[in-house]
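The values are calculated or read from the model by the stated rules, or taken from the named source; none is laboratory data. Only a predicted model underlies this, so the values are computations on that prediction, with no experimental measurement involved. Please note: Cβ atoms are built from the backbone with ideal geometry, for glycine as well, and neighbour counts cover all protein chains shown. Side chains are part of the model used for accessible areas, which takes the heavy atoms of the whole protein and leaves out ligands, DNA and RNA. Shrake-Rupley method; radii C 1.70, N 1.55, O 1.52, S 1.80 Å.
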Amino acid sequence: MAKKIRIVLTLQLPAGKATPAPPVGTALGPHGINIVEFTKSYNEKTADKLGQVIPAQITVFEDRSFTFVLKTPPAPDLLRKAAGIDKGSQTPKRAVAGRVTRDQVRAIAEQKMPDLNVNDVEAGMKVIEGTARSMGIEVVG
Amino acid sequence: MSGPLDGLDLAGAAAAKDAWLELSVAADHEAVEAVSEILSRAAPGGTSVEPAFELVEDGLAARLDLARPALVRAYLPVRSPEAVRSAVAQADRELGHLQAFGLRPIGDLGARLVREADWANAWKVHFPVLRVGRRIVIRPTWRRHRRQPDDVVLALDPGMAFGTGLHPTTRLCLAALEALADRGALDGARVLDVGSGSGILSIGAARLGAASVLAVDVDPIAVEASAANARRNRLARRIRVREGSAPSGEGPFDVVLANLIASLLVTLADGLAEDLRPGGTLLASGIFANREAEVVAALGRRGLSIARRWTEGDWVALEAVRPPG
C-alpha cells in the first residue's frame, strides 16, 4: 500500500509496561492512531525485557495507520547496569555514583552503534563517556 | 528568580487532580538520551522524543535530521505542588550540569500543564463513519451506522496496517471497485488483492459480489490485520489471506487489486499481468500523479491497456484491462 508518512517519533518506555497515559497518549493522541493497539503490541514485544527502558521508533502514516521498531536501550540504562547501580548521581560534578571500565564503554558503544550518529566506535565511545560523566559515573582503566 | 514553573497554577492543578506537568527540552541528538534520563527521574513514565526529519522518496520514507535538535518531553502527574517544584528544580539543576560533560548544548527546560484525557479512547474521534462512492460505507467497529437500503458496509478496526479509508489511494480503489460492481464485473468473480494491508479492499470486493478473494501482503502484521478484519465482516470463508506478492502462483484471476506505489507497480507489472486472465481487470492505485506515465508504460509493455482513471488530489488510480483471448 502507498504508505505516505505523516510523522516519526520515538517513545522511551518501560519494557512491558506501556499504558495510554503520558507520554504515550500525549505523543500519539494528536496523530489519531490506535493507542491501545500500540501499547498492547509494544508490551508483547518487550515482555522479555522487563526492568529495561526500550525505545520504540514509531512511524505514523497519512491514513493514521502506523508501525514501530524497537531500538537499543538508552546509554544511561546500559551504563547503570554496567556500573551495577540503580541511579546516576544527582550531583555528578561532586559525587561519584559508580564506575565503568573503558572496555564496558566500548561494549556499550558497539551495541549502540546502529542508533548513534557517529562514524566509528571510537567516536561512539566519546558520546557514551560524556553520558557516563553526566550521570556521575567514572570511566576507569 | 525566574524558572520553568513561573505562571503555572500548580496548586489549582493539584486540587483538580486531573493535570499532568509536561517538561520539554530541545536537545542535540547526542544529548537526547542523557536529557531523557534526567527528565525520567522527575517523570518516571518514560519520555517522547520528536526528532527533526524530512520526507524523501515522495513521502514514502523519512530521513532523520541529526544536525537539528530533537524535542524531548516527559510528564509527571501533579499531586502535590511541593513535590513537583522539587522534582523540576532538581531536573533543571541536572540539565544545567550536562554541558560540563562534553555533550553539545541543549535548550532551556520548558513546562506546561496538560489536562488529563481519556487517552485510550480519544484517538477514535479521528475515525468517523466514511462514505466512499455512492454505496460504500466504512464503519470503524466502535461506531454505529444507520444503514440505507443500498449501503455496502465495511466494518474496520484501524491499527497497524495501511488502509483505514482515510487516504485517497484507498478511497480511489474502493470507488473503482464500486464502478466494476455496477457493470457486473465483480459478480461471482475470483479476485486477488496484492498488498492487502488492513484488508479493506478484499472486504469491499467480497461485499460487492466477488465469489472469492485471495489477499496477499509481504508484511505479516498486514496479513494478520486482513484476516482479523475479514472475520469481523463474517467473510473469513470467502477471503483467504496469506503472506505473498504477485505473481501469486494461484492465478489467473478475474480481477486483480494492487493499491501499492508507482515504483512497486512497475516492478511487479510482470507478476500482476501473469495473475490476470485474458479479458480480466487490474485496478492499480497508490500512483502519485507525476509517476502515472511510468506505470501506464510498464502495464502497456505487458499488453494491458488503460480503460479508466480516477483521481483525488495528487493521486491516481487506473483500471487496466488485459485483451481477451
Single residue of B:L186, B:L264, B:L177 found to be within 30 Å of B:V125 (Cβ to Cβ) and among the hydrophobic types (A, V, I, L, M, F, W, C): B:L177
Residue in the range B:1-37 that is nearest to the other protein chains (Cβ to nearest Cβ), counting only those that are open to solvent by less than 40 Å² (accessible area, probe 1.4 Å), farther than 16 Å from B:I106 by Cα and assigned to a helix (DSSP H, G or I): B:A13
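One line per residue, one yes/no per condition, for (1) more than 12 Å from chain B (Cβ to nearest Cβ); (2) under 19 Å from B:V72 (Cβ atoms); (3) more than 14 Å from the chain's Cα centre (by Cα):
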{"site": "A:D63", "(1), (2), (3)": "no, no, yes"}
{"site": "A:L78", "(1), (2), (3)": "no, yes, no"}
{"site": "A:D86", "(1), (2), (3)": "no, no, yes"}
{"site": "A:R102", "(1), (2), (3)": "yes, no, yes"}
{"site": "A:T131", "(1), (2), (3)": "no, yes, no"}
Test: B:G59 is on the phi > 0 side of the Ramachandran plot and either open to solvent by 60 Å² or more (accessible area, probe 1.4 Å) or in contact with a helix residue (DSSP H, G or I) (Cβ under 9 Å, 6 or more places away or on another chain) (or both): no
Residue match in the range B:284-296 (condition: loosely packed, with under 15 Cβ neighbours inside 10 Å, of a type in the set (S, T, N, Q), in the same structural domain as B:L180 (by TED's automatic domain parsing) and over 27 Å from the mean Cα position of the chain (by Cα)): no
Residue satisfying all of: in the range B:71-89; open to solvent by 40 Å² or more (accessible area, probe 1.4 Å), assigned to a helix (DSSP H, G or I) and within 14 Å of chain A (Cβ to nearest Cβ); farthest from A:V127 (Cα to Cα) among these: B:S86
Verdict on A:M113 being over 30 Å from B:G165 (Cβ atoms) and either under 13 Å from the mean Cα position of the chain (by Cα) or open to solvent by 20 Å² or more (accessible area, probe 1.4 Å) (or both): yes
Residue selected from the range A:25-39 under the condition more than 7 Å from chain B (Cβ to nearest Cβ) and under 14 Å from B:P158 (Cα atoms), by the criterion least open to solvent (accessible area, probe 1.4 Å): A:F38
Close pairs from the range B:233-248: first of a type in the set (G, A, S), partner open to solvent by 60 Å² or more (accessible area, probe 1.4 Å), Cβ under 8 Å, at least 6 apart: B:G244/B:V218; B:S245/B:V218; B:A246/B:E274
Any helices (runs of 4 or more DSSP H) falling wholly within the range B:95-208 and containing at least 3 residues that are in the same structural domain as B:P247 (by TED's automatic domain parsing), more than 18 Å from the chain's Cα centre (by Cα) and buried (at least 19 other Cβ atoms within 10 Å of the Cβ): B:168-182, B:200-207
The range B:240-279: number of residues that are surrounded by fewer than 16 Cβ atoms within 10 Å (Cβ to Cβ) and part of a loop (DSSP other than H, G, I, E, B): 2
Identity of the residue in the range B:113-126, at the interface with chain A (Cβ under 7 Å from one of its Cβ atoms) and touching a Leu at 6+ places or on another chain (Cβ under 9 Å), that ends up farthest from B:L21 (Cα to Cα): B:H126
Answer from A:A82, A:A18, A:A47, A:A95 - the residue that is without any contact (Cβ under 8 Å) to a residue 60 or more places away in the chain and crowded, with 23+ Cβ neighbours inside 10 Å: A:A18
B:R68 at pLDDT 85 or above, assigned to a loop (DSSP other than H, G, I, E, B) and either aromatic (F, W, Y) or more than 22 Å from B:L5 (Cβ to Cβ) (or both): yes
